[in-house]
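Report on the structure given below.
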Amino acid sequence: MLNSNVLRKLDMQDLMVFVAVYEHNSVSGVSETLCVSQSTVSYCLKKLRAGFEDELFINTRTGMRPTYKADSMYPHVLKILDSINLCHASASAFDPTLQPTVFNLCAPEYFEQLVLPRLLKRFALAELAVVVNVHKLETDIPAQALREGSLDLAIGFGPDFHRSHADCHVRTLLEDDFVCVLDKRSASSQPRLSLQTFIERRHVFPTPWTSTSNMVDGWLAQQNRQRQIVARANSYGAALKMIGGTDFLLTLPRRIQQLLADETAFERCEAPNGLPGFTLDMQWSQGADQDSANIWLREQVIEACAELDTA
């Protein structure tokens, strides 16, 4: 905070005039350097003298001579102006056209299938030298990696599926729900599976991220029910191949089913009533909140997700 009301009335132009007068020893020279009138320079000097309660510059035959107070102030005022310039530089917008840029994300396969292709297409069309490295999502959001800056963004599921962190920001990107997928030859005649039919079927379980729990089995446990899993797959595509020619059941996010499940080979039916949907959420650290490159990346992800709802 400033020590007096008079100091609060000073502005950046006043400080620039102080430095210029100190360095040029001339009001007329300052006027030319700063492209302002001599009356403006005189007015700024008047404010400076009142604010710092000192003459600051004495008019002599050889020019404007700084006082002892002005000599002691000069390096500090320079630092203030340098700091302001640094603030402006750090706040400048990120420009991906200026140099190759690498972003590191942690995300599940869901993001890689739905959002990442759209991101890369946007970058390619704009001829941007942007590289996106995606690390597999584990049980929890890697908050420490976000804090350290080794990860730019973490993409996970919600609501409240992953442990929250007070120093991380969260933005919901899109919403989705689950549907059931079967081989066409063993498709159910019901448009929606009952809970009983759902648990009587044998299931293939895709595990596109590393976790000891999942949304479907967590919901079943709340109903005191359990399903029979005959196989676990590392990807949605592998899981779809596993149910081909069988009566196995696969529960997929609706957007993934629409993207990957060929309608000539697979049949879709609605999941049992009550099976909740989910959100895809983006997290980043407080330290990266105002980083221009991180802001740009978040905007690209948000726009790519918005395209999914308008496509």
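Numbers for the structure displayed
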item	result
Chain lengthening between residue 128 and residue 241 when straightened (0.36 nm per residue, less Cα-Cα)	37.1 nm
Spacing of the two label points (7 Å from each Cα toward its C-beta) at residue 97 and residue 259, in nm	3.0
Square roots of 5 times each gyration tensor eigenvalue, C-alpha, segment 1-111, largest first, Å	42, 17, 12
DSSP-defined antiparallel bridges as percent of all bridges, the chain, nearest 5	60
Positive-pole candidate from 283, 137, 224, dipole of the chain, charges at beta carbon	224
Spin-label model distance (nm) - residue 163 vs residue 186, 7 Å beyond Cα toward Cβ	3.9
Proximal charge balance of residue 24 [Cβ under 15 Å; K/R count +1, D/E count -1]	-1
Tail weight of P(r) past 34 Å, computed on alpha-carbon pairs of the chain, percent	49
At R0 = 51 Å, FRET efficiency that the Cβ-Cβ distance of residue 302 and residue 38 yields, to 0.05	0.50
Linear extension gain, residue 223 paired with residue 279, 0.36 nm per residue minus alpha-carbon span	18.0 nm
Relative contact order computed over the chain (Cα-Cα under 8 Å; 6+ residues apart), in percent	21
Simple label model, 7 Å out from Cα along Cβ direction - residue 86 to residue 230, nm	6.5
Segment 14-60, relative contact order [Cα under 8 Å, separation at least 6], %	36
Expected 222 nm ellipticity per residue - DSSP helices of 4 or more, -39500 (n - 2.57), all of the chain, to 500	-12500 deg cm²/dmol
Cβ-placed point charges (K, R +1; D, E -1), dipole of the chain about Cα centre in debye, nearest 20	200
Selected from 233, 80, 116, residue furthest toward positive end of dipole (the chain; charges at beta carbon)	233
Normalised contact order of segment 76-196, rounded percent, pairs of Cα under 8 Å and 6 or more residues apart	25
Cβ-derived FRET efficiency at R0 41 Å, residue 12 paired with residue 140, nearest 0.05	0.35
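Every read-out reported here was derived from the displayed coordinates using simple, explicitly stated rules and does not represent laboratory data. Worth saying up front: this structure is predicted, and the values here are computed from it rather than measured. Note: ideal-geometry Cβ built from the backbone for every residue, glycine included; neighbour counts use all protein chains shown.
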